[in-house]
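Reading through the C-alpha cells given below for one structure.
The values are calculated or read from the model by the stated rules, or taken from the named source; none is laboratory data. Bear in mind the structure is a predicted one, so any value in this text is a computation, not a measurement. For neighbour counting, all protein chains shown are included, and Cβ atoms are generated from backbone atoms with ideal geometry for every residue, glycine included. Note: accessible area is taken over every heavy atom of the protein model, side chains too, but ligands, DNA and RNA are not part of it. Shrake-Rupley method; radii C 1.70, N 1.55, O 1.52, S 1.80 Å.
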Amino acid sequence: MSASSHPDALPQPAPGSSFASRLSAFLVDRRLGLAVLAVAITAGAVLLSKRLEFSRSIDAMFDRSDPALVPYARMTRTFGSNETVLAAYDDPQLFTAEGIARLRALATELGSVPGVASTTSLASTPLGDAIVDLDRGLAAGWARRLVSLLEGYLVGADHRTAGIACTLEPRDGTAARPGKGPTRKQTITALRERMQGMPAGTIAGEPVMLLDGFEMLQRDGNLLGTGSGLLAGAVLLACFRSIRWLVVPLAVVLFSLWTTRGLLALTGLKLTMVSTMLSAMITVVGIGTVTHVIVEFRRLRGLGMPAADAVRSAFTTLFWPVAGAIATDVIGFGSLTASNVGPVHDFGIMTSVGAVTVLVAMGLVVPFLALAGRFDPDPRMAWGEGSLDRGLDALVGWIVRHPLPILAAAAAVTIAAMTGMRWLTVETDFTKNFRRSSATVKAYDMVESRLGGAGVWDVLVPATEPIDDDQLDAADHFADRLRREVVVPGPDGLAAPALTKVMSVVDVVSAAPLLPRKAQALLVNAMLRQEDDRQPAFVRSLVGRDPQDGGIWLRVMLRAHERQPAAAKRAIIDQVRRIAAEEYPATDGRAAEVTGFFVLLSQLVDRLLADQWLTFLIAAVGIFLLLAASFGSPLLAAIALVPNSLPIFVVLGLLGWFGEPINMGTAMIAAVSMGLSVDSSIHYITAFRRRLVEGDHAAALETAHQTAGRAMIFSTLALVIGFLALTTSGFMPTVSFGWLSALTLLGGLVGNLVVLPVLLALTSPWLRGDSPTG
C-alpha cells in the first residue's frame with residue numbers, strides 16, 4: 001500500500017467484506033505463529049541475499065535484444081574488451097631524458113601490479129629516449145610523427161601531460177578466488193594508490209568509472225535505506241508520539257527489504273546502478289502503509305474498543321484499500337518493465353516485488369507487535385492536530401465558495417509550466433552521474449581538458465584477407481574525411497573539428513619512416529596474424545578477426561569531448577555514420593559500424609525520454625482501468641487521475657524551464673509517482689461518495705477532508721521526508737529521483753486536497769446517483 005491510503009475501503013461486494021473479516025480474525029488469532037514465521041522467512045532471506053550481485057557491465061544497461069549492442073559485442077569479440085585504465089600525471093620535464101626515464105620506470109612499476117597485462121607509454125616507442133629529440137637528430141622527423149600520433153592518447157598537446165595505458169588481464173568474475181588472481185577492485189586500487197604519489201596523478205577509464213560507481217552505489221544502498229527509514233520514522237514519532245508505533249513500521253520495512261533481496265537472489269536478478277533506490281522505495285511504501293493502520297487503530301481505540309478488536313477491525317476496514325493501493329503501486333512500478341533501458345526495466349521488477357512483500361509483512365508482523373505486552377500500547381494525537389482540523393475545514397469552505405477560480409488558476413499554472421517541456425533534454429555526459437567533488441569527475445576533468453576529451457568511441461571497418469594497399473588507402477581516406485568533415489560550431493560560430501583524435505592502423509604504420517604502402521600492408525597482415533608480440537597492445541587492437549564468423553575488421557579509434565549538449569553529440573555521431581555509410585556501403589551483409597562507450601551512452605539517454613512517456617502512459621491506463629472497475633465509474637477514474645497527473649507535468653515542465661536535463665532517475669519519476677500518489681484520490685473519493693448519500697457536496701467534502709485528507713497528510717509527509725534521504729547520494733540520478741519524487745508527491749497532496757474536491761463538487765450532480773448506499 002502506498003502512502004496516501006485512508007481507512008475507508010473501496011466499494012466491494014459482501015463476499016469480499018466477509019473474506020476480509022475472516023482473514024483479519026485469522027491474522028490476529030494466529031499472530032504469534034505468524035510472527036515466528038516472519039522471523040524464519042527473514043533469516044532465510046538474509047542468507048539468500050548474500051548471493052545478490054551487482055551487474056557491473058555497460059551492456060547490462062540495455063535490453064539484450066537492443067541492436068545497439070551488436071556492433072559493441074563485435075568490437076569486444078574482435079579486439080578484446082575495453083578494459084584499459086589510463087594513468088596520467090603532470091611532468092613539465094617530460095620531453096627530457098630524465099622525464100622519459102621517470103615515465104619508463106613508472107610504466108614498469110604499474111605493469112607489475114597484479115591484474116595488469118601490459119602497459120604502453122611514450123617510453124614504449126621504438127625510438128626509446130630519442131623520442132624527445134623533436135627538433136634535432138637523425139630521428140627528429142620520426143619522433144615528431146610518433147608524438148603527433150600519440151597526442152590525445154599517451155601525451156597531451158601541452159607536452160607535459162603523460163599518459164600510461166594499462167591493459168587489464170581478462171577477468172573470470174568479480175570476486176577473487178584461489179588461483180584466479182586479483183579482483184578488478186584490488187588492481188584498480190593499487191594503480192590509484194601509486195598514481196596518488198605523482199604530481200596531479202590520477203587514473204581514468206571505463207573500468208575505473210564503473211568500479212567507482214558501483215562501489216558508491218553499494219554504500220548508498222545500505223545508507224539510503226537506513227536514512228529513509230529513520231527520517232520517515234521520525235515523522236511517525238512526531239505524529240503519533242509512540243515508541244511501539246515507531247517499531248511496528250520499521251519492522252515491516254526490515255522484513256520487506258530482506259525478503260525482497262532474498263527473492264531477487266533466488267531468481268538470479270542482479271542489482272544495477274539505480275538499485276540503490278530500492279531500499280528507499282520499499283521503506284517509504286512500507287511506512288506509508290502502516291501509517292493508515294495507525295490512524296484507524298487510534299480512532300477505534302479512541303472510541304473505547306479493546307486493542308485486539310481494534311486491530312481486527314482496522315485490518316477488516318483497510319483490507320481492500322491496502323490491496324487496491326498495492327495494486328496501483330505494482331502497476332506504476334511494473335510499467336517500468338516496458339523500458340528498453342536495462343536498469344530501469346529491472347528496477348520496475350524489483351520495486352513491484354517489494355510492494356507485494358509489504359502486503360505480506362503487514363499480515364505477519366503488525367498484529368503481533370501491535371498487541372505484544374502492555375508498554376506504550378496506543379498512538380497519541382500529534383502536536384497541533386487541532387490546528388490541522390481547523391485548517392482543513394477552512395480549506396473546504398474556500399473550495400466550496402470559489403471552485404471555478406481555483407480550477408482556472410490550477411489550469412493556468414499547469415499550462416504555463418508544461419510549456420517548458422519543449423526544452424527538455426537528456427543528460428549525455430556520464431560523468432554528470434557523479435558529484436563534482438568525486439575522484440571520478442576530477443580524473444575525467446584532466447582527461448577532458450588535457451588529453452583530448454573523455455569521449456572514446458570507434459568505427460569498425462570491414463576488410464578482407466589479405467589486407468592490401470588499396471584497403472589501407474581507403475581506410476586512410478576515410479579517416480581523413482572524418483578529421484575534415486565532422487564539425488561542430490566553434491565559439492566564434494564557425495565550423496570547428498568535432499573529433500579531437502582519429503587514429504587507425506594506417507596512421508600507426510605510416511609513422512615508420514620510408515615504409516611504402518605495400519610494405520605497410522605486409523606489416524598490417526603480420527599484426528592480424530599476431531606475429532609480432534612486441535607491438536604495444538593498443539596497436540595490436542587496431543586490426544582483428546571476429547572469432548564468431550572469421551570476418552576481418554579494421555578499427556578506427558575516435559576521441560571527442562564528453563561534455564557537450566545531447567544535440568551536439570547526436571550531430572557528431574550522425575556525421576560519422578553518414579561518412580561511414582558513404583565510404584563503406586553494405587556489401588555481402590557487412591558495413592562500417594559506429595560503436596563504443598560514447599555512442600552507447602548517447603543512445604541510452606535518448607531512450608530515457610521516450611521511455612518516460614511510454615511507462616507513464618502504461619501506468620495511467622492500467623490505473624484508470626483498475627479505478628474504473630473498483631468505482632464502477634469511468635468518470636470517477638478519470639477524475640482520480642487528474643490531480644496526480646498535473647504535478648508530474650508541472651515538475652517536468654519546470655525541468656525544461658530551468659534547463660535541467662533528464663537522467664536515469666528523472667526518467668522513472670512519472671510512472672512511479674503516479675503509482676504512489678493516486679491512492680490518496682482513491683480514499684478521498686470513497687469517503688466523499690459515502691457522505692454524499694447523506695447530504696450535499698459541501699458536507700461530503702468536509703467529511704472527506706477530515707478523514708481521508710488527514711490520513712494523506714500524515715502519510716505523504718512520511719513519504720516526502722523519506723525520499724529526501726536520497727538527495728544525500730553521491731549518484732546524481734538517485735539525487736534527482738529523490739527530490740523530484742518529493743516534489744511530485746507534495747504536488748499530488750495539494751492536488752488531492754484542492755483540485756480533486758473542486759472536480760468532485762462540479763460533477764456531484766452526476767455522481768450522486770452512483771454513490772454507494774453504505
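Can we say Ala265 is within 24 Å of Met668 (Cβ to Cβ) and in contact with a Lys or Arg (Cβ under 8 Å, 6 or more places away or on another chain)? So Ala265 fits the description; yes. Summed over region 349-384, the residues that are in a helix (DSSP H, G or I) and without any contact (Cβ under 8 Å) to a residue 24 or more places away in the chain give a count of 1.
Quickly run through region 21-56 and pick out the residues that are basic (Lys, Arg), farther than 17 Å from Val366 by Cβ and either surrounded by 18 or more Cβ atoms within 10 Å (Cβ to Cβ) or touching a helix residue (DSSP H, G or I) at 6+ places or on another chain (Cβ under 7 Å) (or both). Within region 21-56, Arg51, Arg56 meet the criteria.
Considering every residue within region 462-480, establish whether at least one is within 20 Å of Ala581 (Cα to Cα), part of a strand (DSSP E or B) and either under 37 Å from the mean Cα position of the chain (by Cα) or of a type outside the set (Gly, Ala, Ser) (or both). Looking through region 462-480, at least one residue is within 20 Å of Ala581 (Cα to Cα), part of a strand (DSSP E or B) and either under 37 Å from the mean Cα position of the chain (by Cα) or of a type outside the set (Gly, Ala, Ser) (or both). Considering only region 181-197, how many residues are out of contact with any Lys or Arg (no Cβ under 9 Å at 6 or more places or on another chain) and not in a helix (DSSP H, G or I)? Of the residues in that region, 3 qualify. Those helices (runs of 4 or more DSSP H) of region 669-774 in which 3 or more residues are more than 31 Å from the chain's Cα centre (by Cα) and surrounded by 19 or more Cβ atoms within 10 Å (Cβ to Cβ) occupy 669-692, 697-704, 756-767.
When Val488, Val426, Val459, Val502 are screened for being closer than 26 Å to Ile572 by Cβ and modelled with pLDDT of 95 or more, only Val459 passes.
Would you be able to say whether some residue in region 598-612 is modelled with pLDDT of 90 or more and more than 25 Å from Leu746 (Cα to Cα)? No, every residue in region 598-612 fails to be modelled with pLDDT of 90 or more and more than 25 Å from Leu746 (Cα to Cα).
Out of curiosity, is Trp398 more than 39 Å from the chain's Cα centre (by Cα), among the aromatic types (Phe, Trp, Tyr) and open to solvent by 40 Å² or more (accessible area, probe 1.4 Å)? So Trp398 passes the test. State all residues of region 187-203 that are open to solvent by less than 30 Å² (accessible area, probe 1.4 Å) and either hydrophobic (A, V, I, L, M, F, W, C) or more than 20 Å from Glu448 (Cα to Cα) (or both); if no residue qualifies, say none. Correct list: Thr187, Ile188, Leu191, Met195, Ile203. Residues that are in a strand (DSSP E or B), out of contact with any helix residue (DSSP H, G or I) (no Cβ under 8 Å at 6 or more places or on another chain) and closer than 23 Å to Arg144 by Cα within region 481-510 comprise Thr500, Lys501, listed in sequence order.
Residues in region 320-339: is at least one in a helix (DSSP H, G or I), open to solvent by 30 Å² or more (accessible area, probe 1.4 Å), over 26 Å from Ser242 (Cβ atoms) and in contact with an Asp or Glu (Cβ under 9 Å, 6 or more places away or on another chain)? Scanning region 320-339 turns up at least one residue that is in a helix (DSSP H, G or I), open to solvent by 30 Å² or more (accessible area, probe 1.4 Å), over 26 Å from Ser242 (Cβ atoms) and in contact with an Asp or Glu (Cβ under 9 Å, 6 or more places away or on another chain). Quick check on region 633-661: of everything there that is open to solvent by 60 Å² or more (accessible area, probe 1.4 Å) and part of a loop (DSSP other than H, G, I, E, B), which residue is modelled with the lowest pLDDT? This residue is Glu660. Restricting attention to region 228-257, the residues that are of a type in the set (Gly, Ala, Ser), within 29 Å of Leu37 (Cβ to Cβ) and assigned to a helix (DSSP H, G or I) add up to 6.
A search for C-beta distances below 8 Å between a residue of region 31-54 that is part of a helix (DSSP H, G or I) and any residue that is surrounded by fewer than 15 Cβ atoms within 10 Å (Cβ to Cβ) and not β-branched (Val, Ile, Thr), counting only pairs 6+ apart in sequence or on different chains, returns Leu48/Leu266. Could you please let me know if Gln471 is surrounded by fewer than 21 Cβ atoms within 10 Å (Cβ to Cβ) and in contact with a strand residue (DSSP E or B) (Cβ under 8 Å, 6 or more places away or on another chain)? Taking the combined requirement at face value, the residue satisfies it. For Val274, the stated conditions hold: it is of a type outside the set (Phe, Trp, Tyr), touching a residue at least 12 places away in the same chain (Cβ under 8 Å), in contact with a Ser or Thr (Cβ under 9 Å, 6 or more places away or on another chain) and not in a helix (DSSP H, G or I). Pairing residues of region 565-576 that are modelled with pLDDT under 95 and open to solvent by less than 30 Å² (accessible area, probe 1.4 Å) with residues that are among the acidic types (Asp, Glu) and part of a helix (DSSP H, G or I), at Cβ distances under 9 Å and at least 6 apart in sequence or on separate chains, gives Ala566/Asp606.
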